[in-house]
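What follows is one structure encoded as structure tokens, with my remarks underneath.
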Amino acid sequence: MMAILDWRAKKKLHFFLLALIVVGGAVLFLLYLSWPKATCSDGRQNQQEDGVDCGGPCVPCVVNPKDVVVLWSRVFKTSEGVYDAAALVENPNLFYGLPFFKYTFKIYDSDNVLVAVKEGQTFLNPHDKFLIFANDIKTGQRQAARSFVEIENLSVWKYLGESKSTIVISEKSFSNTPFPFLRARLLNQSPFSIKEIQAAAVLYDENENAVAVSSTKLDFIEAEGSQDAFFTWSYPFAVEPVSNKIFTRVDLTN
């Protein structure tokens with residue numbers, strides 16, 4: 001009798017273990033099917049990546065990016081106690097950009113007294129040379145003499161590959177009277193439409209010093225199409241600028 005009971009108990013145990021194995025296998029299979037697949041944007045270092053979401057099958061990791069270079073920073077008087085500030089900035093990294101970074105203009109008078117601060121943020125394309133522009137900076141009774149720009153948040157570099165602007169300036173025309181006016185024809189050489197184009201103009205004197213800046217935005221340029229950008233200033237220049245340059249940008253970091 002005891003042997004029969006032992007046999008039945010063992011049989012029940014075997015059925016229980018078998019059912020447990022089947023159920024456990026099914027659960028593991030369902031977990032496998034529902035487990036998120038490794039990707040290049042999952043925030044983990046997996047699938048033989050060299051870093052988090054970079055290297056291996058993903059885009060190359062950012063390695064030792066070079067510092068952003070400020071080529072010059074200037075302040076320009078627009079009316080009594082009101083100024084524009086601009087800085088020509090260059091990203092020497094051929095493949096790396098920034099989705100955003102912060103900048104701060106600090107404006108000083110001739111006695112090196114800080115008279116105004118203006119903050120902002122923008123993006124940074126690979127191998128880009130562009131103008132940071134801030135307008136309507138009020139200094140009260142103080143006369144601004146110089147500006148400096150500080151750049152922050154350079155820790156979120158992104159590998160973007162080599163990128164080149166498809167926008168070229170096909171023609172320009174400048175007039176100093178009755179008020180300064182610069183027209184530039186922007187040509188989109190790509191087979192795709194481009195949206196949200198930033199454009200900035202710099203006027204130079206005979207010594208290639210920047211004497212005035214202006215900026216504008218274009219909503220749209222169709223594929224292989226063109227659009228005019230217009231830059232204006234309030235008063236004629238006593239000494240007419242001898243040259244000008246247009247800088248255009250489109251956000252390539254997203």
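The values are calculated or read from the model by the stated rules, or taken from the named source; none is laboratory data. All values reported here derive from a predicted model rather than from experimental measurement. A quick note on method: Cβ atoms are made from the backbone with ideal geometry, for glycine too, and the neighbour counts reach across all protein chains shown.
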Exercise. Quick one: PRO99 ticks every box in (1) assigned to a strand (DSSP E or B); (2) in contact (Cβ under 8 Å) with a residue 24 or more places away in the chain; (3) of a type outside the set (Ser, Thr, Tyr); (4) loosely packed, with under 13 Cβ neighbours inside 10 Å bar one, so which box is it?
Worked result: (4)
Exercise. Can you spot a residue in the range 68-91 that is in contact with a Pro (Cβ under 9 Å, 6 or more places away or on another chain), surrounded by fewer than 15 Cβ atoms within 10 Å (Cβ to Cβ), closer than 19 Å to GLU150 by Cβ and at pLDDT 85 or above?
Worked result: yes
Exercise. Can you pull out the residues in the range 170-220 that are under 21 Å from THR122 (Cα atoms) and β-branched (Val, Ile, Thr)?
Worked result: ILE194, ILE197, VAL202, VAL213, THR216
For this session: Being over 13 Å from SER243 (Cα atoms) and surrounded by 15 or more Cβ atoms within 10 Å (Cβ to Cβ) is the filter here, so list the residues in the range 191-207 that pass it.
Result: ILE194, ILE197, GLN198, ALA199, ALA200
Problem set entry | When residues of the range 107-144 are limited to those that are polar (S, T, N, Q) and in a strand (DSSP E or B), the one farthest from SER163 (Cα to Cα) | ASN135
Problem set entry | All positions within the range 117-149 that are more than 23 Å from ALA201 (Cβ to Cβ) and either in contact with a Leu (Cβ under 7 Å, 6 or more places away or on another chain) or crowded, with 21+ Cβ neighbours inside 10 Å (or both) | PRO126
Exercise. Residue check, SER163 against (1) in contact with a His (Cβ under 9 Å, 6 or more places away or on another chain); (2) crowded, with 20+ Cβ neighbours inside 10 Å, all met but one. Which one?
Worked result: (2)
